[in-house]
Amino acid sequence: QVQFVESGGGLVQPGGSLRLSCAASATIFGFNNMGWYRQAPGKQRELVARIFSGGSTYYADSVKGRFTISRDMNKNTLYLQMNSLKPEDTAVYYCNMWPSDTRYWGQGTQVTVSS
């Protein structure tokens, strides 16, 4: 059973930082491309960043230079370090494979950027 559990969200002021974590089952985590996605109120879910099985990364233009995706294979955990946060980063953040598998969306973690 594939499962992703996101954590680390919260309320932060503009310019602040958060680190999101995603715990994943080991059999999937080591062999699939993984991504962080987000969905803001009234908007479609979008890809924020992805990391390929070989380690290369991709970022959406809106977060490039501010967010960093990484993974710890020993802990079966995917991370998203978010710096210089902006109000427009407010959303529920999810992790999933890339391309995403609709069967495995978790609860996500809420990130709110507000003063």
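Hey, which of the strands (runs of 3 or more DSSP E) in segment 63-115, taking only ones fully inside, have at least 2 residues that are more than 15 Å from GLU46 (Cα to Cα)?
Working: elements: 67-72, 77-82, 91-97, 109-113.
Of the strands (runs of 3 or more DSSP E) lying wholly inside segment 63-115, those with at least 2 residues that are more than 15 Å from GLU46 (Cα to Cα) span 67-72, 77-82, 109-113.
Pull up segment 67-82, narrow it to residues that are among the aliphatic types (A, V, I, L, M) and open to solvent by less than 70 Å² (accessible area, probe 1.4 Å), then point me to the one that is nearest to THR27 (Cα to Cα).
That would be LEU78.
State whether the residues of segment 19-27 include one that is of a type outside the set (Ser, Thr, Tyr) and without any contact (Cβ under 8 Å) to a residue 60 or more places away in the chain.
Step one: filter segment 19-27 for residues of a type outside the set (Ser, Thr, Tyr), giving 19-20, 22-24, 26.
Then keep just the ones that are without any contact (Cβ under 8 Å) to a residue 60 or more places away in the chain; that gives 23, 26.
Yes; the residues of segment 19-27 include at least one that is of a type outside the set (Ser, Thr, Tyr) and without any contact (Cβ under 8 Å) to a residue 60 or more places away in the chain.
Could you list all residues from segment 27-41 that are within 19 Å of GLU88 (Cβ to Cβ) and modelled with pLDDT under 95?
Scanning segment 27-41 gives a single hit, PRO41.
Out of the residues in segment 51-66 that are in contact (Cβ under 8 Å) with a residue 24 or more places away in the chain and either open to solvent by less than 40 Å² (accessible area, probe 1.4 Å) or in contact with a helix residue (DSSP H, G or I) (Cβ under 6 Å, 6 or more places away or on another chain) (or both), which is nearest to TYR93 (Cα to Cα)?
VAL63
Any residue that is surrounded by fewer than 18 Cβ atoms within 10 Å (Cβ to Cβ), within 11 Å of the chain's Cα centre (by Cα) and of a type in the set (Asp, Glu) - is there at least one of those in segment 83-93?
no
Out of all the residues in segment 9-50, which are in contact with a helix residue (DSSP H, G or I) (Cβ under 9 Å, 6 or more places away or on another chain), over 14 Å from GLN110 (Cα atoms) and not in a strand (DSSP E or B)?
Listed by number, the residues that qualify are PRO14, ILE28.
If I filter segment 6-26 for residues that are at pLDDT below 95, open to solvent by 40 Å² or more (accessible area, probe 1.4 Å) and in contact with a Ser or Thr (Cβ under 7 Å, 6 or more places away or on another chain), do I get at least one hit?
yes
The values are calculated or read from the model by the stated rules, or taken from the named source; none is laboratory data. This one's a predicted model, so the numbers in the text were calculated from it and none came from an experiment. Don't worry about glycine lacking a Cβ; one is built from the backbone with ideal geometry, like all the others, and counts go over all protein chains shown. In case anyone asks, the SASA skips ligands and DNA or RNA and just uses the protein heavy atoms, side chains included. Shrake-Rupley method; radii C 1.70, N 1.55, O 1.52, S 1.80 Å.
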